[in-house]
There are 2 protein chains.
Amino acid sequence: MEAIRARVARRALGTGDRLPSIRAFAATMAVSPSTVVEAYDRLAAEGLIRARQGSGFYVASAPPPLTLAEIGPKLDRALDPFWVSRQSLDAAAAVAKPGCGWLPADWMPNDAIRRALRKVARTDAAILSDYGATRGPLALRHLLARQFATEGVDAGPDGILLTGSGTQAIDLICRFLVRPGETVLVDDPCYFNFQALLRAHQATIVGVPYTPNGPDIERFADVVAQHRPRLYITNSALHNPTGATLSPQAAHRVLTIAAEHGMTIVEDDIFADFEPEPSARLAALDGLSSVIRIGSFSKTLSASIRCGYIAARTDWIEALIDLQVATSFGGVSPVAAELVLAALSDGSYRKHLDGLRRRLNGARRDVADKLERLGISPWMMPRGGFYLWCSLPVGCDSAEVAHAALNHDVVLAPGNVFSVSQNASRYMRFNVAQMGEPRIFEVLARALAATPD
Amino acid sequence: MEAIRARVARRALGTGDRLPSIRAFAATMAVSPSTVVEAYDRLAAEGLIRARQGSGFYVASAPPPLTLAEIGPKLDRALDPFWVSRQSLDAAAAVAKPGCGWLPADWMPNDAIRRALRKVARTDAAILSDYGATRGPLALRHLLARQFATEGVDAGPDGILLTGSGTQAIDLICRFLVRPGETVLVDDPCYFNFQALLRAHQATIVGVPYTPNGPDIERFADVVAQHRPRLYITNSALHNPTGATLSPQAAHRVLTIAAEHGMTIVEDDIFADFEPEPSARLAALDGLSSVIRIGSFSKTLSASIRCGYIAARTDWIEALIDLQVATSFGGVSPVAAELVLAALSDGSYRKHLDGLRRRLNGARRDVADKLERLGISPWMMPRGGFYLWCSLPVGCDSAEVAHAALNHDVVLAPGNVFSVSQNASRYMRFNVAQMGEPRIFEVLARALAATPD
């Protein structure tokens, strides 16, 4: 099986070509004909080859297209990351979305965005019409470099690459570093789209349990030694879905273990602006040597104006630019980057962030109280952000609860969507900013009551 | 070598693991130890394994990152697609860019874009802040569906997926259909970034010579039969770089041959709006059964407001949506889609296109005359668009001419950047809209004179 697979992979055997006869191949491989028959039958079952009546085996016409929903174990559709994403993204206005990963539109700085649009309407024609520089506009990279410097991350403007989104930033890094079949480490639980993205790269995904202070360090060391992952993707600040924060001790241990095994780390800092004060950052401790920092403005400014970034070693940035040109002919839209720059430079933006943090502090406490009354308990109280990772009452399965709630136009995010090991069936991630409607708690109460005890 | 490669690919042998001893593996494979020594030495030369003094062979730490500039034959940097793209994209304002693939900013409908920005500044907060629907806003898909219907392409709004750009549209299709090592067919010459994109997918690229009526059909049939490509990527209308147009007869033959071999076609319609009247379209003849149509608004509206589209079978669209959510969490920016919709719906847009076509007709004739005086002759006179594919005087190498011109701040696009077979060293692609400065022709004349005869 190995030898045939390798020949097909190298195209020594092309589509439609006849495989060696069973007798001949048995002689070549110094095995019995029955071994070859079994190998051919298994390869046919996999769809790589097919038998033609009376004339042997042939390489099958074309491998099937990459349909993400079919890679990996077959999941209940309620536990399929695409189902949760698509239900949330395509939901009608009347649908409540406590399962989604963004703030309601009326929590966002829309006046600043409107001012930015009017400002950009008066800018140079070249910004309105041209593809723009491959790294993205210099002024926004300068602004980010100054901000990163205050956080102890020393990336100059040439160490920053603007991308179409935070997800595209990780995707580009995976294209650069991860080949099909390679192993990537994530937290268990982790942001569900990390798993979807890694499936698209046909990576092997391994998880390590997450604690309130970061990954379980003993398990982390074991998993890295055993699986030698190419990459570890994580959120240090306000981890998704738990809201936990990496402790300085855990950060140091993670970096030491990664260095021992030559593992690169992607630190997704997308929730950093929600922190009351900055926590430990892998990118700052490591000095962007084997840590790549990515982020975007989707959570605090706008998810509609798409702009993400990568901060990394400049030699890696050079290779990432080539990949970004090849696969999207440039990264961020120059108009989008100007809008982000105008909005971030708008005097109101810091106040907006302060207001958001205060509002979210209130919402977290309020929603936690209401959930407690239903027997739903936060795993921990996060320092910031909009997520609560909660356990349901004993005996409740979060996938069943999500199913039941969907019938009443409430999209929830059941725990196993986030879990590589699928051991989070009692957990649910709630977005406190999306839970202003009292009917959500009524639907939840009914859904909990309807699931078997 | 095959057996070891397969074990590493399956991770039966992980990074740092010791390979079987030469004696043991020779016995397993029923070959002589010297055969195993040779195989191990070759694998070590490839970098997959490495020898440790006195203790055998080990799987090398990590495969090197994907650096596009190093895949495929080593090219003179002037013939590297990334070099031409990056020189053009990152060029200072003073640099002339007859080698680039877009119109000057002052040829674009900037007033319509400014009106669109002011209009969007007054729109709903949800459009300004939210991720938006996974297919992209319905109103723009409706507008496109109506336009496609007038061209005989019957895609409903559900058969259209908006993407971040035209290049991202092709990239998404390659993720869906093309696995590493699979073969993709392109025209020779073709848009250079098709090759860069396919390198990023680690596809094997084969080319078929392009004629003034489309691909050379005899060769097309041979190449498809011999290599059985998974995909054929082409421009039917105003082919890049030649400006040629697919004839109805050639279109029919291409579809027939593709159907015989189960080959999917991506028809990149990015230059369609420059045609004086619509030409034959593979997507229209085929009815979007095995043809996928892609395009964008970068060439006629704005390359800065990034928005592309895919029109395809709805079952393929569904799978492409999952892939797009996984790899960029949504496709087009909703703000960008609103800007495109507003500009396309602006009463001035049709007039802008008419004006562009007239202006380009004049520029093509004018530039062709001036080039002829330097002994540079168009391969054919295109019906529209901004490209002229030209042969240089006998004995001139276009890469050398491009090198010489770059020293005088003129970026050119030498023929072999576009050629899979590298047989276009006498050709050069000129963008007539970027050749208003008289000094460009002076620099060209000097560069031609300086190259050996």
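The values are calculated or read from the model by the stated rules, or taken from the named source; none is laboratory data. Predicted model, so just to flag it, every value in this text is computed and none were measured. Heads up, the Cβs are rebuilt from the backbone with ideal geometry, glycines too, and the neighbour counts pull from every protein chain shown.
Kindly indicate whether any position in the range A:165-179 is without any contact (Cβ under 8 Å) to a residue 60 or more places away in the chain, in a helix (DSSP H, G or I) and within 8 Å of chain B (Cβ to nearest Cβ).
So far as the range A:165-179 goes, yes, one or more of its residues are without any contact (Cβ under 8 Å) to a residue 60 or more places away in the chain, in a helix (DSSP H, G or I) and within 8 Å of chain B (Cβ to nearest Cβ).
Quick check, is A:ARG293 assigned to a loop (DSSP other than H, G, I, E, B) and crowded, with 24+ Cβ neighbours inside 10 Å?
In short, no.
Return the residues of the range A:47-57 that are in a loop (DSSP other than H, G, I, E, B) and within 14 Å of chain B (Cβ to nearest Cβ); say none if nothing qualifies.
Result: A:GLY47, A:LEU48.
Return yes when A:ALA259 is small (Gly, Ala, Ser) and in contact with a Leu (Cβ under 8 Å, 6 or more places away or on another chain) and no when it is not.
no
Name every residue in the range A:112-128 that is part of a helix (DSSP H, G or I) and either buried (at least 24 other Cβ atoms within 10 Å of the Cβ) or within 7 Å of chain B (Cβ to nearest Cβ) (or both), in order of residue number.
A:ILE113, A:ARG114, A:ALA116, A:LEU117, A:ARG118, A:VAL120, A:ALA125, A:ALA126, A:ILE127, A:LEU128
Could you run through the range B:79-111 and say how many residues are in a helix (DSSP H, G or I) and out of contact with any Gly (no Cβ under 8 Å at 6 or more places or on another chain)?
Within the range B:79-111, residues that are in a helix (DSSP H, G or I) and out of contact with any Gly (no Cβ under 8 Å at 6 or more places or on another chain) number 11.
Of all residues in the range B:127-162, how many are touching a Ser or Thr at 6+ places or on another chain (Cβ under 7 Å) and among the charged types (D, E, K, R)?
Matching residues across the range B:127-162 total 2.
With the condition kept exactly as written, say whether any residue in the range B:173-180 is closer than 21 Å to B:LEU66 by Cα, surrounded by fewer than 21 Cβ atoms within 10 Å (Cβ to Cβ) and of a type in the set (D, E, K, R).
yes
Taking the stated definitions as given, is A:LEU138 surrounded by fewer than 23 Cβ atoms within 10 Å (Cβ to Cβ), within 14 Å of chain B (Cβ to nearest Cβ) and closer than 19 Å to A:ALA337 by Cα?
yes
Looking at (1) at pLDDT 70 or above; (2) more than 9 Å from chain A (Cβ to nearest Cβ), which is the one condition that is false for B:ASP90?
All conditions are met except number (2).
Pairs under 8 Å by beta carbon, first residue over 16 Å from B:THR264 (Cβ atoms) and facing chain A (nearest Cβ under 9 Å) in the range B:185-202, partner assigned to a helix (DSSP H, G or I) and of a type in the set (D, E, K, R), six or more apart or different chains?
Once the first residue is over 16 Å from B:THR264 (Cβ atoms) and facing chain A (nearest Cβ under 9 Å) and sits in the range B:185-202, its partners that are assigned to a helix (DSSP H, G or I) and of a type in the set (D, E, K, R) give B:ALA196/A:ASP322; B:ALA200/A:ARG175; B:ALA200/B:ASP171.
Can you tell me which residues in the range B:13-29 are touching a residue at least 12 places away in the same chain (Cβ under 8 Å) and among the β-branched types (Val, Ile, Thr)?
Selection gives B:THR15, B:ILE22.
Are any residues in the range B:272-285 at pLDDT 95 or above and closer than 25 Å to B:ARG175 by Cβ, and if so, which ones?
B:LEU282, B:ALA283 - these are the residues of the range B:272-285 that are at pLDDT 95 or above and closer than 25 Å to B:ARG175 by Cβ.
How many residues does the range A:194-219 hold that are surrounded by fewer than 22 Cβ atoms within 10 Å (Cβ to Cβ), out of contact with any helix residue (DSSP H, G or I) (no Cβ under 9 Å at 6 or more places or on another chain) and among the hydroxyl-bearing types (Ser, Thr, Tyr)?
Residues in the range A:194-219 being surrounded by fewer than 22 Cβ atoms within 10 Å (Cβ to Cβ), out of contact with any helix residue (DSSP H, G or I) (no Cβ under 9 Å at 6 or more places or on another chain) and among the hydroxyl-bearing types (Ser, Thr, Tyr): 0 in total.
Of the residues that sit in the range A:93-111 and are in contact (Cβ under 8 Å) with a residue 40 or more places away in the chain and within 7 Å of chain B (Cβ to nearest Cβ), which one is surrounded by the fewest Cβ atoms within 10 Å (Cβ to Cβ)?
A:TRP102
Going through B:VAL325, B:VAL367, B:VAL335, B:VAL340 one at a time, which residue ends up being hydrophobic (A, V, I, L, M, F, W, C) and away from every other protein chain (no Cβ under 14 Å)?
Just a single option satisfies the conditions, and that option is B:VAL367.
Return the residue satisfying two criteria in turn: it lies in the range B:17-46 and is more than 14 Å from chain A (Cβ to nearest Cβ) and of a type in the set (S, T, N, Q), and of such residues it is surrounded by the fewest Cβ atoms within 10 Å (Cβ to Cβ).
B:SER34
Enumerate the pairs (first residue in the range A:349-371 and aliphatic (A, V, I, L, M); second residue anywhere and in a helix (DSSP H, G or I)) with beta-carbon separation below 7 Å, excluding pairs fewer than 6 apart on the same chain, so at least 6 apart or on different chains.
A:LEU353/A:ASP273; A:LEU356/A:TRP107; A:LEU360/A:PHE274; A:LEU360/A:VAL432; A:LEU360/A:ALA433; A:ALA363/A:VAL432; A:ALA363/A:ALA433; A:VAL367/A:VAL432
Of all helices (runs of 4 or more DSSP H) completely enclosed by the range B:332-451, which ones contain at least 1 residues that are under 30 Å from B:LEU162 (Cα atoms) and among the small types (Gly, Ala, Ser)?
B:334-345, B:348-373
Just wondering, is there one or more residues in the range A:393-410 that are touching a residue at least 12 places away in the same chain (Cβ under 8 Å) and within 20 Å of A:LEU103 (Cβ to Cβ)?
Scanning the range A:393-410, I find at least one residue that is touching a residue at least 12 places away in the same chain (Cβ under 8 Å) and within 20 Å of A:LEU103 (Cβ to Cβ), so the answer is yes.
When the residues of the range B:2-16 are filtered to those that are in a loop (DSSP other than H, G, I, E, B) and crowded, with 16+ Cβ neighbours inside 10 Å, which remaining residue is modelled with the lowest pLDDT?
B:ARG11
Please work out which residue is nearest to the other protein chains (Cβ to nearest Cβ), limiting yourself to the range A:305-319 and to residues that are of a type in the set (A, V, I, L, M, F, W, C) and part of a helix (DSSP H, G or I).
A:ALA319
Does the range A:292-308 contain at least one residue that is outside the structural domain of A:ASP354 (by TED's automatic domain parsing), over 30 Å from A:GLY347 (Cβ atoms) and of a type outside the set (Ser, Thr, Tyr)?
Within the range A:292-308, one or more residues are outside the structural domain of A:ASP354 (by TED's automatic domain parsing), over 30 Å from A:GLY347 (Cβ atoms) and of a type outside the set (Ser, Thr, Tyr).
Checking the structure you have, find out if any residue of the range A:141-160 is of a type outside the set (Phe, Trp, Tyr), surrounded by fewer than 23 Cβ atoms within 10 Å (Cβ to Cβ) and under 23 Å from B:ASP171 (Cβ atoms).
no
In the range B:229-259, how many residues are in contact (Cβ under 8 Å) with a residue 12 or more places away in the chain, more than 30 Å from B:ASN361 (Cα to Cα) and out of contact with any strand residue (DSSP E or B) (no Cβ under 7 Å at 6 or more places or on another chain)?
4
Hey, among the residues in the range B:286-302 that are of a type in the set (Gly, Ala, Ser) and under 15 Å from the mean Cα position of the chain (by Cα), which one's farthest from the other protein chains (Cβ to nearest Cβ)?
B:GLY295
Which numbered condition in (1) within 13 Å of another protein chain (Cβ to nearest Cβ); (2) over 25 Å from the mean Cα position of the chain (by Cα); (3) modelled with pLDDT of 95 or more is the only one that B:TYR131 fails?
Against the list (1) within 13 Å of another protein chain (Cβ to nearest Cβ); (2) over 25 Å from the mean Cα position of the chain (by Cα); (3) modelled with pLDDT of 95 or more, B:TYR131 comes up short only on (3).
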